[in-house]
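K.L.:
Pasting a structure below so you can have a look.
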Amino acid sequence: MNRRWAARLALVAGAGALLVPLVFAGLRSVVLVGVGLAGVVVAVAGVWWVLAHKGVIRVLALLLAILAPVTVLVLYAFAGLLWVVLVSFALWALAVSVGRSALAEDTGRLPERPAAPPEHPFLIMNPRSGGGKVARFRLVERARALGAEVVVLDPGHPADVAELAGRAVDAGADLLGVAGGDGTQALVAAVAAERDVPFVVVSAGTRNHFAMDLGLDREDPSKCLEALTDGVELRVDLGYLGAAAPQAVAAPQEEGAERVFVNNVSFGAYAAVVQSPAYRGDKARTTLQMLPDLLTRHSGPRLTVRAGATTIDMPQAVLVSNNAYLMGDPAGLGRREALDAGVLGVLGVTVDNAVQAALLLRGKHGPGLTSLTAREVVIDADAPDIQAGVDGEALTVPTPVRCRIEPGALRVRLPRDRPGVPGAGPPTDWRRVRRLALSLGRTAGRREGSPRGP
């Protein structure tokens, strides 16, 4: 579907989402919206109480969080309007999806250039990542068939992947790559950036956030290996976490060294939970046990975040990302619009009660959420060190902590053909969708019609 028709379809679907309740529910559509919003607010408040309390209050809050949306659906069904709500929701989802697709080309993809195949590629593969994707997709055999040297990590004997990558470059490797999680990707990417050699991402991890924002195939990681034979190269930014002396949770580093992150660094509640020795054995129970004290500030260090001219006092959670995550459009949550904007994204959550938790539904406009960008972020605390989650890996760093962005630090080698393009595309801007539908329609009409003269 071309952009003109995508924009038109988005407008029609959006209009349908608004008209269906009005036509079939009339004035009751106002009540429908009000009841739905009330149910969502009550459910969110219930979730907050579940996370912030223990014992009987938690049980009652869980019942409230479940019963609120169920009650709303029952009321819709009792009024004979459940189908109206479902159809309207489906139309709106279609409108947002198609509208974002129509605008995607306006943003454009990262500048890329053709790249000659490497002569001595070196890949590190973690056989445990992604539930065994390395073996399931025969990545070792396929990479070696393409001329790559492959080192398969031994889960029983942890290796320093950064050291392996450095030695490979010293021995003549002209490309580094990783089939594994984002934490391992970041460690080897740091070496590739420092030594100025291309880096290949093989989406063999569990979530593959970095691969997603690069537009790579996350369902079949073997397709990422096409970058070795038919690839293009582009430059993306890297985030750096500065710490004087990371503790034993992380791999040993030199005094004053910086840790690279390709996705994000988290501080506060989430980082403290994943640091717990019990977390890996029972994630859900550990989280539910620790969060009440962390969210009510009865435990954990008090954080202060400085980003440019903005200061965030005592947030419960902070996320600093390599380029900003989309916040204005639910369809884009969890993705980054760009990987070469040269800024850090900063999200700070400061919530003290259920009302503030519910107001987070307003997104970046909610009073409990701070969303901004900066070239440098400093996180301080009333403790000598704090926990951090660096691309999902647990780390303890002394305060204050400094995060910075290095524009264009990493050369990434990608397959020429891949499912997506770098970045998630812009949020849905309905004014731009309307202009696109009208202007492209007129332009396309002239192009598709008969010539009108010289």
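The values are calculated or read from the model by the stated rules, or taken from the named source; none is laboratory data. The model shown is predicted, which means the values in this text are computed figures rather than measured ones. Ideal geometry is used to build each Cβ from the backbone, glycine not excepted, and the neighbour counts take in all protein chains shown. Please note that ligands, DNA and RNA were not included when accessible areas were found on the heavy atoms of the full protein model with its side chains. Shrake-Rupley method; radii C 1.70, N 1.55, O 1.52, S 1.80 Å.
K.L.:
Can you tell me how many residues in segment 51-64 are open to solvent by less than 70 Å² (accessible area, probe 1.4 Å) and either within 20 Å of residue 290 (Cα to Cα) or acidic (Asp, Glu) (or both)?
P.N.:
Selection size over segment 51-64: 6.
K.L.:
Considering segment 31-44 alone, what residues qualify as being open to solvent by 60 Å² or more (accessible area, probe 1.4 Å) and closer than 17 Å to residue 92 by Cβ?
P.N.:
Within segment 31-44, 33, 37, 40 qualify.
Residues checked against (1) modelled with pLDDT of 85 or more; (2) among the polar types (S, T, N, Q); (3) touching a strand residue (DSSP E or B) at 6+ places or on another chain (Cβ under 9 Å):
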position	(1), (2), (3)
270	no, no, yes
274	no, no, yes
303	yes, no, yes
329	no, no, no
334	no, no, yes
350	yes, yes, yes
354	no, no, no
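K.L.:
So, one more: Among the helices (runs of 4 or more DSSP H) lying completely within segment 121-199, list those that include at least 3 residues that are at pLDDT 95 or above and surrounded by 18 or more Cβ atoms within 10 Å (Cβ to Cβ).
P.N.:
Where helices (runs of 4 or more DSSP H) fall fully within segment 121-199 and carry at least 3 residues being at pLDDT 95 or above and surrounded by 18 or more Cβ atoms within 10 Å (Cβ to Cβ), they are 139-145, 161-170, 182-195.
K.L.:
Next question. Would you confirm whether any residue within segment 80-102 is open to solvent by less than 70 Å² (accessible area, probe 1.4 Å), touching a Pro at 6+ places or on another chain (Cβ under 9 Å), in contact (Cβ under 8 Å) with a residue 12 or more places away in the chain and within 24 Å of residue 208 (Cβ to Cβ)?
P.N.:
Scanning segment 80-102 turns up at least one residue that is open to solvent by less than 70 Å² (accessible area, probe 1.4 Å), touching a Pro at 6+ places or on another chain (Cβ under 9 Å), in contact (Cβ under 8 Å) with a residue 12 or more places away in the chain and within 24 Å of residue 208 (Cβ to Cβ).
K.L.:
For segment 19-28, enumerate the residues that are surrounded by 15 or more Cβ atoms within 10 Å (Cβ to Cβ) and within 35 Å of the chain's Cα centre (by Cα).
P.N.:
20, 21, listed by residue number.
K.L.:
While we're on this one: Based on this model, can you work out whether residue 394 counts as modelled with pLDDT under 90 and open to solvent by less than 20 Å² (accessible area, probe 1.4 Å)?
P.N.:
In short, no.
K.L.:
Can you tell me which of 5, 48 is open to solvent by less than 90 Å² (accessible area, probe 1.4 Å) and either out of contact with any helix residue (DSSP H, G or I) (no Cβ under 8 Å at 6 or more places or on another chain) or touching a residue at least 60 places away in the same chain (Cβ under 8 Å) (or both)?
P.N.:
Exactly one residue qualifies, and that residue is 48.
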